[in-house]
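A.B. asks: My questions will all concern the structure given below.
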Amino acid sequence: MKASELRRHFPILDQEINGHPLVYLDSAATSQKPVAVIEALKHYYQWENANVHRGVHTLGSRATDAYEGARETVAAFLNARSTEEIIFTRGTTTAINLVAQSYAQSVCREGDEIVITPLEHHSNLIPWQQVAKRTGATLKYIPLQPDGSIRLEDVEATITERTKMVAVVYVSNVMAVVNPVKQIAEIAHRHGAKILVDGAQSTPHLKVDVQELDCDFYAFSGHKMCGPTGIGALYGKKELLENMEPIEFGGEMIDHVGLYESTWKDLPWRFEGGTPIIAGAVGLGAAIRFLEEIGLDAIDRHEKELTAYAMERMSKIDDLVIYGPKEERAGLITFNLGDIHPHDVATVLDAEGVAVRAGHHCCQPLMRWLNVSATARASFYLYNTEEDVDRLVAALLKTKEYFGYAAG
Amino acid sequence: MQLDDLYRRVIMDHYKNPRNRGKLEGEAITIDLNNPSCGDKISLQMAVEDGRVKDAKFEGEGCSISLSSASMMTDAVKGKTIEEALQMAENFSGLMKGEEAEFDYEDIEALSGVNKFPARIKCATLAWNAMRKGIEKSGK
């Protein structure tokens with residue numbers, strides 16, 4: 001693949017920001033959308049829009065086919081055993097909360113343990129804090145190495161016979177580490193625990209096979225992988241989902257309703273109360289087809305090359321501190337530039353047309369672990385080029401110069 | 001978009017040499033406020049007596065805009081009556097919306113450029129919100 005050619009699929013990239021061509025380096029927050037996805041949304045609303053699962057009319061069937069077709073696309077993409085294992089949600093956060101409230105809250109008792117890591121995004125931390133508070137279970141953290149990576153011997157030492165649930169991020173949105181989730185799943189299962197993988201930052205970038213990982217639950221969002229916002233999915237092993245109670249009641253998830261008792265639909269609809277995000281699912285299906293056409297392996301390779309190039313160029317900037325491992329990292333670089341606050345860095349970069357993230361990245365405990373209040377982050381995707389990296393480096397040098405001058 | 005609109009010399013001066021940084025001795029109202037979207041935080045202390053802000057100091061972490069704003073605010077508010085301080089906070093939020101506002105502490109006007117950088121307005125208003133909350137807390 002050639003990123004410079006792929007860019008034509010993303011019309012948003014072809015604009016000037018503050019007088020400079022846009023360099024978009026915030027894909028870990030949300031990715032840009034290709035024409036194929038924008039057109040799929042348009043086509044759905046223009047020709048197929050109706051509510052699903054209830055219309056007897058033709059449009060109702062078209063909408064249902066489009067929505068359930070997207071579920072098949074997601075199931076195949078993750079290599080789930082069946083579409084019953086794919087529940088559409090608003091995104092990663094909703095998916096994790098569903099597992100926390102429906103599964104973990106019903107199996108955890110006082111004295112049990114829930115194991116997570118200090119790398120977790122708030123979305124994969126607070127739901128478990130809440131489960132621990134409500135059930136009396138203990139929340140335990142697998143310790144990190146100085147570069148943010150996890151050692152399997154520490155996983156072994158943290159997970160015990162008391163552990164009921166392990167929830168771990170696949171790719172860290174701050175440290176860029178790729179966690180050995182397959183091995184962690186094996187350790188969790190050996191102790192009788194279940195494992196949820198937060199796939200928000202992995203699904204867009206590398207080939208995921210839930211059967212190979214042998215995770216019990218896997219959560220991801222569409223908007224970080226070229227799809228629309230407001231749609232994501234939870235994968236869950238069928239035997240677990242079958243024994244879980246819904247947490248949202250009404251609308252689509254209903255089977256028989258009596259005055260005082262009701263029953264639920266089969267999987268996966270049992271967990272999809274209300275009118276679902278139909279267009280979102282259609283857009284997610286289109287995003288997956290787009291990514292598969294390019295190939296997840298090719299995307300992964302491109303990002304690795306680009307990140308290596310960026311690491312090499314950025315490590316030559318004096319006073320620039322890069323967090324996370326030097327090698328074996330995902331396609332994002334979190335950094336600080338001397339004592340210039342990351343907000344100030346991001347504002348100067350924005351003035352140069354370069355969009356990066358600045359702040360705590362929804363990882364406040366990790367910021368404290370790093371001993372910083374905030375960081376800046378450049379994150380790459382399939383449409384980024386070496387020229388984007390060069391522009392970032394030039395803008396960082398300008399930031400140093402500007403603050404040197406302005407402070408003088 | 002001109003960076004110099006945002007980073008005026010006077011702002012950088014307050015950032016590099018903040019006024020009133022530290023803790024107050026004796027009795028004081030303490031307000032800890034953070035900006036949950038970016039991690040900036042301020043701990044503001046105010047001594048309010050006889051309806052006047054006698055003294056104010058702050059500690060915290062943040063960018064040049066939030067810290068220089070805290071430096072200016074604590075300086076400007078000293079000796080003011082509660083009504084005057086609240087009015088100043090009101091004027092400051094006007095300034096952030098691009099309205100004309102005059103301050104007897106002129107450095108504050110250097111922050112007027114922030115209104116052209118919507119993403120940074122929250123940085124500039126953090127200390128002022130803390131001051132407002134502090135006055136509410138003092139119950140006067």
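The values are calculated or read from the model by the stated rules, or taken from the named source; none is laboratory data. This structure is a prediction, so every number in the text was calculated from the model and none was measured. Glycine gets a Cβ as well: all are built from the backbone with ideal geometry, and neighbour counts include every protein chain shown. Heads up: the accessible areas ignore ligands, DNA and RNA and are worked out on the full protein's heavy atoms, side chains in. Shrake-Rupley method; radii C 1.70, N 1.55, O 1.52, S 1.80 Å.
A.B. asks: Determine the relative contact order of the range B:1-115: mean sequence separation of Cα pairs under 8 Å and six or more apart, normalised by residue count, in whole percent.
C.D. replies: 26
A.B. asks: Express the relative contact order of chain A as a whole percentage, based on alpha carbon pairs under 8 Å and six or more residues apart in sequence.
C.D. replies: That works out to 23 percent.
A.B. asks: Something else: Tell me the net charge near residue A:4. Cut-off is 14 Å between Cβ atoms, residue A:4 excluded, with +1 for each Lys or Arg and -1 for each Asp or Glu.
C.D. replies: Local charge sum for residue A:4: -3.
A.B. asks: Continuing with this model, one more query. With each pseudo-label sitting 7 Å past Cα toward Cβ, what's the residue A:82-residue A:106 distance in nm, one decimal?
C.D. replies: 1.9
A.B. asks: Please quote Rg/Rh for the range A:43-150 to two decimal places, taking the Kirkwood radius as Rh and restricting both calculations to Cα atoms.
C.D. replies: 1.15
A.B. asks: Let me ask you something else. What are the radius of gyration and Dmax of the range A:204-347, computed over its Cα atoms and given in Å?
C.D. replies: Considering the range A:204-347 through its Cα atoms, Rg and Dmax are 21.5, 71 Å.
A.B. asks: With charges only on Cβ, +1 for K and R and -1 for D and E, what is the dipole size of chain A about its Cα centre, in debye, rounded to 20?
C.D. replies: For this selection, approximately 420 debye.
A.B. asks: How high is the FRET efficiency from residue B:136 to residue B:59, r the C-beta distance, R0 25 Å, rounded to 0.05?
C.D. replies: That gives a FRET efficiency of 0.75.
A.B. asks: While we're on this one: Could I have the simple spin-label model distance between residue A:15 and residue A:239, label points 7 Å from Cα toward Cβ, reported in nm to one decimal?
C.D. replies: Going by the 7 Å Cα→Cβ label model, 5.1 nm.
A.B. asks: How big is the range B:49-140 on each of its three principal axes, counting only the C-alpha atoms and giving the largest first in Å?
C.D. replies: For the range B:49-140, the Cα spread along each principal axis is 38, 29, 20 Å.
A.B. asks: Taking a cut-off of 20 Å between Cα atoms, list the lysines near residue A:164, but don't count ones fewer than 8 places away on the same chain.
C.D. replies: Reachable lysines: A:133, A:140, A:182, A:194, A:237, A:238.
A.B. asks: Something else: Please report the equivalent ellipsoid semi-axes of the range A:296-408, computed as sqrt(5 x eigenvalue) of the Cα gyration tensor, largest first, in whole Å.
C.D. replies: Rounded to whole Å, the semi-axes are 23, 18, 12.
A.B. asks: For the range A:113-268, give the share of DSSP beta bridges that are antiparallel, in percent and rounded to the nearest 5; count only bridges with both residues there.
C.D. replies: 35
A.B. asks: Rounded to the nearest 5, what % of the DSSP beta bridges within the protein assembly as shown are antiparallel ones?
C.D. replies: If we restrict to bridges inside the protein assembly as shown, about 70 percent are antiparallel.
A.B. asks: Continuing with the same structure: Just going by the charge dipole of chain A, with Lys and Arg at +1 and Asp and Glu at -1 on Cβ, which of A:176, A:314, A:340 is farthest out on the positive end?
C.D. replies: The residue sitting most towards the positive pole is A:340.
A.B. asks: Gaussian network model of chain B, Cα springs within a sub-10 Å range: biggest mean-square fluctuation belongs to which of B:18, B:118, B:36?
C.D. replies: For chain B, modelled as a Gaussian network with Cα springs under 10 Å, the answer is B:36.
A.B. asks: Shifting gears a bit: Roughly how tilted is helix B:82-96, in degrees to the nearest 10 and between 0 and 90, from the longest Cα axis of chain B?
C.D. replies: Helix B:82-96 sits at roughly 10 degrees to that axis.
A.B. asks: May I pose another question? Using the structure shown, select from A:398/B:57; A:2/A:42; A:304/B:116; A:400/B:54 the pairs with a Cα to Cα distance greater than 30 angstrom.
C.D. replies: Cα-Cα > 30 Å for A:398/B:57; A:304/B:116; A:400/B:54; rest within.
A.B. asks: Per DSSP H run of n ≥ 4, the term is -39500 (n - 2.57); total these for the protein assembly as shown, divide by its residue number, and report the mean residue ellipticity at 222 nm rounded to 500 deg cm²/dmol.
C.D. replies: So the calculated ellipticity at 222 nm is -11500 deg cm²/dmol.
A.B. asks: To the nearest 20 debye, what is the magnitude of the charge dipole of chain B about its Cα centre, counting +1 on the Cβ of each Lys and Arg and -1 on the Cβ of each Asp and Glu?
C.D. replies: The calculation lands at about 440 debye.
A.B. asks: For A:377, A:313, give me the order by solvent-accessible area with a 1.4 Å probe, most accessible first, ignoring ligands, DNA and RNA.
C.D. replies: Descending order: A:313, A:377.
A.B. asks: Please compute, for the alpha-carbon atoms of the range A:164-218, the extent along each of the three principal axes and give them in descending order in Å.
C.D. replies: Principal extents (Cα only, largest first): 29, 21, 15 Å.
A.B. asks: Apply the Kirkwood formula to chain A: the hydrodynamic radius equals the inverse of the mean of 1/r over all pairs of different alpha-carbon atoms; give it in Å with one decimal.
C.D. replies: For chain A, the Kirkwood estimate is 22.3 Å.
A.B. asks: Using amide H atoms built 1.01 Å from N in the peptide plane, name the residues 5+ places from residue A:202, or on other chains, whose amide H lies under 5 Å from its own.
C.D. replies: A:171
A.B. asks: If you don't mind, there's one more thing I want to ask. Among the residues of the range B:27-70, which ones have their accessible area go down by 50 Å² or more when all the protein chains sit together, as opposed to their chain alone (1.4 Å probe)?
C.D. replies: B:38
A.B. asks: Which value results for Rg/Rh of the range A:106-204 when Rg is the Cα radius of gyration and Rh the Kirkwood radius based on the inverse mean 1/r?
C.D. replies: Taking Rh as the inverse mean 1/r over Cα pairs, Rg/Rh reads 0.94.
A.B. asks: Filter the GluC sites (Glu not before Pro) in the range A:263-372 down to the DSSP loop ones having no more than 12 other Cβ atoms within 10 Å, then list what survives.
C.D. replies: Sites meeting the loop and neighbour criteria: A:327, A:328.
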